Amino acid sequence: MTATHSVTPTPPSEHHGRLADGALGLPSVLFCIVTGAAPLTAMLFNVPVSVNGGGWATPAAFLLATVSLTIFSVGYIAMSRRVTSAGGFYTFVSRGLGRVVGLGSGLLIALCYMVFVGAVIGVMGYFAASTVETFTGLALPAWLYMAIGLAIMSLLAWFHIELTAKVLGVMLVGEVLALLVLAVGVFAHGGAEGLSPAPFNPVAIFDNPGALQVFGTGAAGIALFAAFWSWVGFEMAPNYAEESRDPRRIASIATYGSVIGLGVFYMLISYAFVSGWGLTGSVQAVSDQLNGVYASAFYPLSDRYVGGWLTAVIEILAVTSSFACAMAFYNTSARYLFALGREGVLPRALGRTSKHRSPGVASATTTVVVALYCLGFVLYDPSTEGALTKLGTWSPLLGVLGILAVQALVCVAIIRYFLTTARDGFRIWSTLIAPVIGCAAMVIACYLLIDNRDALAAAEGVPFITLLPWVPLVIFVAGVVVALVLRARRPAVYADLGHFSLSDPVLDDPQEVPA
């Protein structure tokens with residue numbers, strides 16, 4: 001273990017300021033990261049969304065995202081070796097670009113993850129409602145399953161993170177195997193029209209012929225949104241650093257492993273989807289799904305190429321996968337609130353840990369915020385389809401835009417950090433060229449997403465999408481204003497923003513925190 005101190009046990013009521021040391025090894029961190037990306041949910045949910053924008057070139061969208069995030073990870077890992085904290089992006093931006101920009105990023109990223117929790121809970125509610133009705137004939141509203149899922153997450157989060165990692169791991173293995181069986185079945189039969197390399201052509205994402213033929217328009221920004229959305233959570237390794245047995249080594253291996261491993265997997269499964277239906281057929285299948293013909297366009301594929309038994313397995317795993325995904329996002333949301341509370345930006349009670357050394361108060365706060373967010377969408381559209389489309393599909397646009405924007409800032413922060421604070425670690429490729437390329441990729445993705453929003457809002461009947469660029473901007477500016485106020489009125493708290501690391505002393509009494 002690389003941490004420079006040991007934790008002295010204290011009574012449960014006095015546990016403040018630090019999460020459990022040495023609770024997670026590499027397999028547990030990988031499970032937390034990969035399950036946060038939720039391979040089965042990502043494929044069942046995001047492949048159709050990507051096809052909606054990029055047509056049959058969806059595998060190329062995943063290819064571009066894989067390359068972009070791998071290059072981004074080069075600098076990200078270099079900085080994670082120097083900075084380990086549960087604050088993640090917030091801490092990185094603070095160290096590289098200063099506390100003012102860092103706090104704006106911290107509040108934005110915390111909001112984004114709460115949006116993701118609510119969105120995936122909506123997906124879980126949809127799949128749970130459709131699956132239960134398929135097997136039992138019992139039709140219950142999606143919001144009921146959403147409420148049950150959030151309650152279970154809240155209970156699990158209260159306990160030690162190792163328990164959560166075990167739950168995530170079991171679910172992960174099942175969903176990966178199910179999708180691999182489906183892919184093997186499609187490839188063994190040669191697909192519907194043979195196995196063409198055309199879906200891997202990045203140029204075909206723009207104004208894809210299949211999308212133009214079926215939907216009348218193409219939207220490369222939506223295809224890339226769905227691809228990048230499938231990786232949200234890959235950067236969790238530094239967030240779990242405080243609970244890792246070897247933070248610096250584990251963060252590096254887990255980040256590269258999850259980015260590249262998921263990329264290969266996503267390209268494989270999305271290619272199986274497109275090949276199984278045929279090029280134009282895959283776009284038509286997504287159109288049919290949007291019109292309610294299928295609960296998922298993946299289900300007829302498994303029926304055709306493998307058998308009904310696999311479809312049944314996938315239907316069940318769709319529920320557990322989306323639950324596991326939401327739980328992973330829930331954990332990350334709580335850790336961002338924990339970091340902000342520990343530093344005095346938000347109420348200091350958020351920096352308290354439970355008797356299991358998990359961020360108990362921050363977790364409870366996450367539950368309340370997510371519940372209110374979901375309630376707003378349920379009141380807006382209480383239908384089961386509304387849980388999937390408005391809450392699950394289109395509200396994450398806000399979160400993905402925020403994540404991409406913060407990742408662009410992280411790239412700039414990495415460059416500045418190694419040109420100033422850590423000059424001894426400066427490397428031309430890892431701390432300059434790679435971050436520049438990564439930043440450019442994130443900015444381009446943001447532009448395409450914003451550029452396509454008006455057409456998407458009109459086509460899907462979700463007018464709130466037009467507000468997409470403004471909500472993240474308002475939250476970021478709010479964080480900047482709070483930082484400026486703290487700098488003027490509470491300089492001691494301001495001085496600590498984004499600068500808590502493993503080498504800091506353990507604070508077992510909240511009164512010991514600088515105020």
- Note on the structure: If each K or R counts +1 and each D or E counts -1, the residues other than V361 whose Cβ falls under 10 Å of its Cβ total +2
- Item | Local net charge near F187, Cβ-Cβ under 15 Å (Lys/Arg +1, Asp/Glu -1) | 0
- Message: Using each residue's phi in region 410-417, evaluate 6.51 cos²θ - 1.76 cosθ + 1.60 at θ = phi - 60° and report the 3J(HN,Hα) Karplus result to the nearest Hz, with x for Gly and Pro.
- Response: 4, 4, 5, 4, 4, 4, 5, 4
- Compare the peptides 419-427, 322-330 by average per-residue count of other Cβ atoms within 10 angstrom and give them in order, highest first. 322-330, 419-427
- Message: Spelling out what I want: for every residue of region 297-305, take phi, set θ = phi - 60°, compute 6.51 cos²θ - 1.76 cosθ + 1.60 (Karplus), and round to whole Hz; glycine and proline get x.
- Response: 5, 6, 4, x, 5, 5, 4, 6, 9
- Query: Which shape class applies to region 338-438: rounded if a/c is under 1.5, otherwise prolate when a/b exceeds b/c and oblate if not, where a ≥ b ≥ c are the square roots of the Cα gyration tensor eigenvalues?
  - Reply: oblate
- Accessible-area order (highest first, 1.4 angstrom probe) of the listed residues L195, L179: L195, L179
- Residue separation times 0.36 nm, minus the C-alpha to C-alpha distance between D424 and V436: what's the value? 2.4 nm
- Working out 0.36 nm times the residue gap between R249 and A478, then minus their Cα-Cα distance, what length gain in nm do you get to one decimal? 78.9 nm
- Sticking with the crude label model, points 7 Å out along Cα→Cβ, report the distance from V293 to R487 in nm, one decimal please. 5.7
- Phi angles of region 484-490, converted by Karplus (6.51 cos²θ - 1.76 cosθ + 1.60, θ = phi - 60°) into ³J(HN,Hα) in whole Hz with x for Gly and Pro, give 5, 5, 5, 4, 7, 10, 9
- Message: What are the extents of the Cα atoms of region 317-372 along their three principal axes, in Å, largest first?
- Response: 40, 26, 14
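The values are calculated or read from the model by the stated rules, or taken from the named source; none is laboratory data. Every value quoted in this text rests on a predicted model; they were computed, and no experiment measured them. All Cβ positions, even for glycine, are placed from backbone atoms using ideal geometry, and neighbour counts span all protein chains on display. We work out accessible area using only protein heavy atoms, side chains counted, and drop any ligands, DNA or RNA first. Shrake-Rupley method; radii C 1.70, N 1.55, O 1.52, S 1.80 Å.
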